[in-house]
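Worksheet: one structure, shown below.
The values are calculated or read from the model by the stated rules, or taken from the named source; none is laboratory data. Small disclaimer: the values here were computed from a predicted structure and weren't measured. All Cβ positions, glycine included, derive from the backbone under ideal geometry; neighbour counts span all protein chains shown. Keep in mind that these areas ignore ligands, DNA and RNA; they rest on the heavy atoms of the full protein, side chains included. Shrake-Rupley method; radii C 1.70, N 1.55, O 1.52, S 1.80 Å.
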Amino acid sequence: MEVGNGGMTDTEYRTHFSLWAQMAAPLLIGTDLRSVSSASLDILKNTDVIGIDQDPLGRQGTVVSSSGGLVVMSKPLADGGRSVTLTNENGTARTVSTTAEAVGLGGATSYSLKDLWSKQESTTAGAISASVPAHGTVMYRVTPGTPVPPPTGIHQLSDLPWTSAANGWGPVERDRSNGEQGAGDGRTLTINGTTYAKGLGTHSPGDITYHLGGKCKSLRVDVGVDDESTVGGSVAFRIYRDATKVADSGVRTAGDPPVRLTADLTGGTTLRLVVTDGGDGIDYDHADWADARLACGDGPAAGAHALSDLSWASATNGWGPVEPDRSNGEKAAGDGHTLTINGTTYAKGLGTHAASDVTYYLGGTCSRLTVNVGVDDEAGGTNGSVVFRLYRDDTLVADSGRMTGADAAKALSADLTGGIELRLAATDSADGINYDHADWAAPQLTCA
């Protein structure tokens with residue numbers, strides 16, 4: 001960092017330090033401590049700002065808004081709050097404003113604001129604003145007055161803030177194994193050779209709590225002793241909805257394959273993940289909660305819906321973006337045409353390209369999807385070969401078989417009863433993805 005090296009005012013040094021911390025960057029003093037001024041030393045010793053940089057969630061800030069030299073950034077914090085910076089790049093003082101909802105909070109009745117430079121504290125119903133000097137930054141720690149439940153959809157627990165976490169060896173790790181006592185010293189979550197990109201690495205005894213606020217429905221998670229426990233390790237995993245135990249793995253030892261736990265969380269205010277040793281002490285008890293998927297909120301409203309009128313939860317596509325109500329086209333958004341399969345046109349649907357994967361949150365309230373599938377005529381003649389598959393959660397519920405550009409549309413119908421998530425997958429048929437323009441035409445979702 002350049003704080004104390006000259007060439008900037010103290011206001012600009014505070015901006016430099018604030019934005020450095022907002023990006024979770026390494027804090028390396030770049031000035032000579034033998035001659036640094038007291039004002040610069042005060043900046044470098046601001047423990048509130050240092051705490052933002054070193055927050056255990058380890059997430060970087062992102063730009064919420066930037067216009068006319070006024071920049072707002074938000075950084076998620078492990079306690080569920082946010083660090084918010086209001087920066088003025090102009091040569092005169094300006095008012096910089098945002099809201100709790102805009103910075104990613106929302107849902108609480110009030111929020112506490114702490115100015116990390118002036119140390120002043122206040123409360124707000126949602127507005128966040130300050131007069132910021134030229135080239136200056138006001139940095140707030142924003143904390144919800146009441147816990148905020150997760151929004152509607154399926155969430156990885158490792159992406160959500162916990163309300164408390166205790167661990168038997170070092171900190172709980174997000175998206176890596178427990179490792180040793182240092183934060184971030186784990187590795188890829190691995191249970192008996194199966195690797196996971198998402199999850200929580202813990203060590204018995206461990207106890208992690210999340211606020212649900214009665215808004216969530218279920219948790220699905222794979223558990224086991226991480227392969228980094230090469231000598232031994234035995235643990236038991238338990239899931240609690242408030243004070244009620246809703247899932248129990250029994251004792252799992254090093255070398256056991258992962259076991260899947262599912263838990264009904266309906267109506268629960270809190271979720272607790274508890275790991276205990278297997279009765280033989282805690283040595284080597286590296287315990288993974290892997291691919292922990294939390295389903296919250298209600299699905300689509302009752303009635304029939306054109307799938308292309310609903311917001312998908314996620315979408316990947318083999319060529320350009322997924323296109324609502326038009327064919328895939330080329331790489332640009334909106335460059336497709338009327339959905340057309342073997343001469344039949346459709347006003348509604350999704351234009352995709354293998355390999356593609358589109359998911360929708362159902363929340364357990366939908367019963368059936370009907371859809372016509374086929375290779376779009378824009379592929380040309382008999383070009384293209386695709387397989388269309390529908391999944392209710394992890395269960396395959398419809399399969400088109402191999403289809404080419406010469407085939408008429410095929411009608412698929414899928415039972416989605418009780419499903420939390422719908423997944424539409426279009427794959428090539430083992431001959432490459434060239435011309436694999438795959439249409440999901442006239443898709444109708446029926447929900448209760």
_Residue selected from the range 126-157 under the condition among the small types (G, A, S) and in a loop (DSSP other than H, G, I, E, B), by the criterion nearest to L271 (Cα to Cα)_ = G145
*Output the strands (runs of 3 or more DSSP E) that fall wholly within the range 163-218 and possess 3 or more residues being closer than 19 Å to G268 by Cβ, or say none.*
206-211
*Within the range 309-337, can you find the residues that are among the small types (G, A, S) and either open to solvent by 50 Å² or more (accessible area, probe 1.4 Å) or assigned to a loop (DSSP other than H, G, I, E, B) (or both)?*
S311, A313, S314, G318, G320, S327, G329, A332, A333, G334, G336
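Could you list all residues from the range 338-352 that are in contact (Cβ under 8 Å) with a residue 12 or more places away in the chain and open to solvent by 10 Å² or more (accessible area, probe 1.4 Å)?
Listed by number, the residues that qualify are T338, T340, N342, G343, T344, Y346, A347, K348.
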_Suppose we keep only residues that are touching a Ser or Thr at 6+ places or on another chain (Cβ under 8 Å) and more than 15 Å from L273 (Cβ to Cβ) within the range 227-245. Which one would you say is surrounded by the fewest Cβ atoms within 10 Å (Cβ to Cβ)?_
G232
*asked:* If I ask for residues that are aromatic (F, W, Y) and open to solvent by less than 10 Å² (accessible area, probe 1.4 Å), which ones from the range 360-400 would you list?
replied: Y360, F388
*Kindly establish whether S83 is within 30 Å of G186 (Cβ to Cβ) and touching a residue at least 12 places away in the same chain (Cβ under 8 Å).*
yes
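For every residue, the table says whether it meets (1) of a type outside the set (A, V, I, L, M); (2) over 34 Å from the mean Cα position of the chain (by Cα); (3) farther than 19 Å from W117 by Cα.
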residue: L33; (1), (2), (3): no, yes, yes
residue: I50; (1), (2), (3): no, no, no
residue: D53; (1), (2), (3): yes, no, no
residue: Q60; (1), (2), (3): yes, no, yes
residue: M73; (1), (2), (3): no, no, no
residue: V84; (1), (2), (3): no, no, no
